[in-house]
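Shown next, in structure tokens, is the structure this report addresses.
The values are calculated or read from the model by the stated rules, or taken from the named source; none is laboratory data. Computed from a predicted structure; not experimentally measured. Here the Cβ positions follow ideal geometry from the backbone for every residue, glycine too, while neighbour counts run over all protein chains shown. Areas reflect the complete protein model, heavy atoms only, side chains present, ligands, DNA and RNA absent. Shrake-Rupley method; radii C 1.70, N 1.55, O 1.52, S 1.80 Å.
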Amino acid sequence: MNVNRIFCIGRNYAEHIKELGNTPDEAFVLFMKPPSCVVPPGKTLTLPRGRGGVHHEAELVVALTGGGADIPEAQALSHISHITLGLDLTLRDLQSELKKKGWPWELAKAFDQAAPLGDWAPYRQQDLQALEFTFHVNGVLRQHARTSDMLFSVARQIHILSRTWALQDGDIIYTGTPSGVGPLMPGDRLLLESEGIGRFEWNCA
Ligand code: ZN
């Protein structure tokens, strides 16, 4: 599948909002990564050097068949073709500096290889708000998500995005991360998995 645009939702799980010292808002944070950031499973992740901590954010990712503008929330899920898991890699120290200055986050979020992405599984109308997924580093559990904890459901995310962008075939959404984000180091072995979606691995260099 060709990835068109990568939309990323920030601040969508209450526990993660707390761990970064932020307060929940009535809106989510939205940013984008270029499709060139995608790294398929099995490919080595070369972490940026000398730019502070590189954090993992494990996320459910959905792919759209399009849908256009102003999609009603009740119809939003009918535009999903596939689902998978991904990592929204973040240069956390740099992001904190950018936040302080009130500057955009691209340098911290949209660098090369910032979007490890699992293989796509067809969306079979399963309840996207009743999924669980885990992320392990070197065999140690770092993140365990229950999508029932999302503040903005996937359907609501699609509805809100479609008010600003006419959604196109191949657009994908990183739907936000639960708590447990933390640094990655060269040599780390990463495992992102969910029953019914898949098991995806990367090695860091
Ligand atoms: Zn994220």
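Things worth noting here:
- Filtered residue count, segment 29-82, keeping only those that are touching a residue at least 60 places away in the same chain (Cβ under 8 Å), of a type in the set (A, V, I, L, M) and closer than 15 Å to residue 173 by Cβ: 13
- Within segment 1-18, residues that are within 11 Å of the ligand (Cβ to nearest atom) and at pLDDT 95 or above sit with their Cβ atoms under 8 Å from residues that are of a type in the set (D, E, K, R) and part of a helix (DSSP H, G or I), at 6+ positions apart or across chains, in these pairs: 8/109.
- Those residues of segment 51-74 which are more than 19 Å from residue 112 (Cα to Cα), surrounded by fewer than 16 Cβ atoms within 10 Å (Cβ to Cβ) and in contact with a strand residue (DSSP E or B) (Cβ under 8 Å, 6 or more places away or on another chain), in sequence order: 65, 66, 68, 69
- Some residue of segment 42-50 being open to solvent by less than 40 Å² (accessible area, probe 1.4 Å) and within 16 Å of the chain's Cα centre (by Cα): no
- Residue among 85, 94 that is within 16 Å of the ligand (Cβ to nearest atom), surrounded by 19 or more Cβ atoms within 10 Å (Cβ to Cβ) and under 12 Å from the mean Cα position of the chain (by Cα): 85
- Segment 44-98, residues that are touching a helix residue (DSSP H, G or I) at 6+ places or on another chain (Cβ under 9 Å), part of a helix (DSSP H, G or I) and not hydrophobic (A, V, I, L, M, F, W, C): 73, 75, 79, 92, 93, 95, 96, 97
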